[in-house]
Every structure is written in C-alpha cells, then in structure tokens.
Amino acid sequence: AKKQGKNRFFWFESSMESELRFRNEMIQGLRRGIEKGEFVPFYEQQIDLETGKLVGFEMLARWNSPDFGIVGPDIFIPIAEEMGLIGDLSEQLIVQAFTDAKSWAPELTLSVNISPVQMRDPWFSQKLLKLLIEHNFPPHRLEIEITESCLHENIGMVRTMIASLQNQGVHVSLDDFGTGYASLSQLSSLPFDRLKIDRSFVKELSGSNSGAKIVQAMVSMSDGLHMPVTAEGIEDEKILEALKTLGKMKGQGYHYGLPENGEAVRKRLAESGQL
Ligand code: C2E
Ligand code: CA
Ligand code: CA
Ligand code: CA
C-alpha cells in the first residue's frame, strides 16, 4: 500500500510538471507567435434573419502555431491576458481584419471581440482611433463586442469607454448577454447599440418550451431598452424559425457555415457579388 501511494505521488507530481511545461511552452510560443504574426482572423457570417441577407462578419481569432497546430481563442486569450500580451495580439488581428474588410462591400460590418483587460486600458479608444485612421477604416462599419463580465468592474470607466468609442462613430455591443448577471439598472444605464444573446440560451430553442420563454424574455427586454438583438449559435432550421417568430434580429451560427479565413470569405463574396 505504501509503495502504491508513493507511485501515485510521483505520478501526480510528474503530471503537474508536464502541465507546467506545457504552459511554459505555450507562453514562449505565444510571444514568438506574436513576433512572427502567426495569429489570423477567421470570420463568422452575420445574417439579417428577416431578409436572410448577409450583413457582416464577426472576427474570431485563431493561432496558426507550428508547435500546436490551429489553436482556438479559449486557450490562448486567457494566457495572453495574463501575460500582458492581449493588447499587441488584438492590434495585430484588428489590422488584418481592417485590411480584409476594406475589400468587402462597404455595407458589410466587422465585429471584433475586446477583452475586459483591454477595457481597463484608459488609452484603448485612443489606440483604436489611431488604427482606424492609419488604416483608413470607416468607424461606422466597426462593432466592438464587450462581454457582460466587464460590467463587474468599474462601471463608470466602462461608461466612459463606451461613450468615447461611440463618439468616434464605432458601435458597441454587449456580448454573451444573459451569462454575466448584469443588473437591469446597469443594462439600462449603459447605451449599448446592440445586445448579443449568448448561444447557451439560443440552443435551448431546439428543445423544450421553457427555453423559448427565456429567449423571448430577453428579446422583449431588448425591445424595452430600444436595443437591437443578435442571436448567436443558430445551429439549425428549427432554431432559426423559432427566432424569426420572436421579432426582427440579426443572427449567426454554424447553420450558416463555420468561421472561415479571409481568403474563403473573399471567395464567398465574389460569388455573391458583395466584393
Ligand atoms: P463568442 O464571442 O461568444 O464567439 C462565438 C463562439 O461560438 C466562437 O467560438 C464561434 O466559433 C462559436 N460558435 C459560433 N456559432 C456557433 C454555433 O452555431 N454552435 C456552436 N456550438 N458554436 C458556435 P471561438 O471562435 O472558439 O471563440 C470563443 C470565444 O473567444 C469568443 O466567444 C470570444 O469571446 C473569444 N474571442 C474570439 N476572438 C477573440 C479576440 O480576437 N479577442 C478576444 N479578446 N476574444 C476573442
Ligand atoms: Ca463575440
Ligand atoms: Ca464569449
Ligand atoms: Ca457567446
């Protein structure tokens, strides 16, 4: 029994070691990847559900790592935030996305996710303005998505940030609406241009009735706040039809295809005459 315990101890230690080693490799790789420009924007279509027309794209970050393969943002964004690298990483992606989006039809919008860490940077909106000007990108085509978890922080600072972004002509959306327990008074005191209903709620529309009631309540709350809605995570026709009965809105999800790189998007737009 003693021997077994000892072995178990060693096994535990070495798995912890390998986890640490993996983390360190990740951190080193991330730094190198930023220097080498290994981060690429992918794009997910956003559709006007009423007309079925493409209205824009959400940029989703991917890491094309020589060591790890294609890595998703849920893995590297938290590490980049911790390491203080998120600002540089985000800037790199935004610049690529501006370049891509400038070749699209001018009515197509570009949505970009911004980390709560970036929202704490008092210079964020200045930095963004500089990028908009340098790359000659029309601010009104840009939508910044901030997550509901930002609202746990200094709400005055968030309000100032939203105002200065909107003063530049940039739109600001509340992402992952419903997951962060924002209070109603917080929501009504922040002038978001749009609410994005998280896919954890939307996916319930493929099942029972109670799921539909929650999404319905979220939509009528948005109506009351005079904020338009985007539903994320539309995976099938059933969800799409259920959403359409709830009102006018935009939507996105795998029903319309998986996120694609810039080249694939350009091909798609060339075929539909939206380039
Ligand atoms: P999000 O903003 O909620 O983005 C939607 C995520 O759900 C994306 O995952 C997308 O691929 C996935 N998704 C979209 N439609 C469907 C669907 O129909 N079904 C299912 N099952 N999933 C769907 P992804 O690309 O892995 O992104 C995860 C999160 O990473 C995003 O969540 C966003 O919060 C964050 N993120 C992505 N890019 C960036 C970035 O450049 N900067 C920052 N700070 N965060 C980013
Ligand atoms: Ca988002
Ligand atoms: Ca999210
Ligand atoms: Ca979400």
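Inside region 40-132, counting only strands (runs of 3 or more DSSP E) that do not spill past its ends, which hold 1 or more residues that are in contact (Cβ under 8 Å) with a residue 24 or more places away in the chain and more than 16 Å from ligand 3 (Cβ to nearest atom)?
Because the criterion is at least 1 residues that are in contact (Cβ under 8 Å) with a residue 24 or more places away in the chain and more than 16 Å from ligand 3 (Cβ to nearest atom), the strands (runs of 3 or more DSSP E) in region 40-132 that meet it are 53-65, 109-114.
Hey, could you check region 166-204 for residues that are in contact with a His (Cβ under 8 Å, 6 or more places away or on another chain) and away from ligand 4 (no atom under 12 Å from the Cβ) and say which is farthest from Asp48 (Cα to Cα)?
Filtering first and then ranking leaves Gly169.
Within region 162-215, which residues are among the polar types (S, T, N, Q), in contact with a Ser or Thr (Cβ under 8 Å, 6 or more places away or on another chain) and under 16 Å from Ser149 (Cα atoms)?
Answer for region 162-215, where residues must be among the polar types (S, T, N, Q), in contact with a Ser or Thr (Cβ under 8 Å, 6 or more places away or on another chain) and under 16 Å from Ser149 (Cα atoms): Ser173, Thr179, Ser200.
If Asp176 satisfies every condition in (1) on the phi < 0 side of the Ramachandran plot; (2) part of a strand (DSSP E or B) but one, which is the exception?
(1)
Any idea which of Ser208, Ser183 is over 21 Å from Gly247 (Cβ atoms), at pLDDT below 90, more than 14 Å from ligand 2 (Cβ to nearest atom) and more than 20 Å from the chain's Cα centre (by Cα)?
Sole residue among the options that is over 21 Å from Gly247 (Cβ atoms), at pLDDT below 90, more than 14 Å from ligand 2 (Cβ to nearest atom) and more than 20 Å from the chain's Cα centre (by Cα): Ser183.
Among Ile234, Ile239, which is the only one that is under 25 Å from Pro73 (Cβ atoms), hydrophobic (A, V, I, L, M, F, W, C) and in a helix (DSSP H, G or I)?
Ile239
Might you check whether a residue that is assigned to a helix (DSSP H, G or I) and among the aromatic types (Phe, Trp, Tyr) occurs anywhere in region 253-264?
yes
Condition first: within 16 Å of ligand 2 (Cβ to nearest atom), under 17 Å from Ala163 (Cα atoms) and touching a strand residue (DSSP E or B) at 6+ places or on another chain (Cβ under 8 Å). Now tell me which residues in region 113-140 satisfy that.
Passing the criteria: Ile114, Pro116, Met119.
Return the residues of region 179-202 that are at negative phi, in a loop (DSSP other than H, G, I, E, B) and more than 11 Å from ligand 1 (Cβ to nearest atom); say none if nothing qualifies.
Residues satisfying the conditions are Gly180, Ala182, Ser183, Leu190, Pro191, Phe192, Asp193.
The values are calculated or read from the model by the stated rules, or taken from the named source; none is laboratory data. The structure displayed is predicted, hence computed values, not measured ones. FYI the Cβ positions are ideal-geometry reconstructions off the backbone, even for glycines, and counts take in every protein chain you see.
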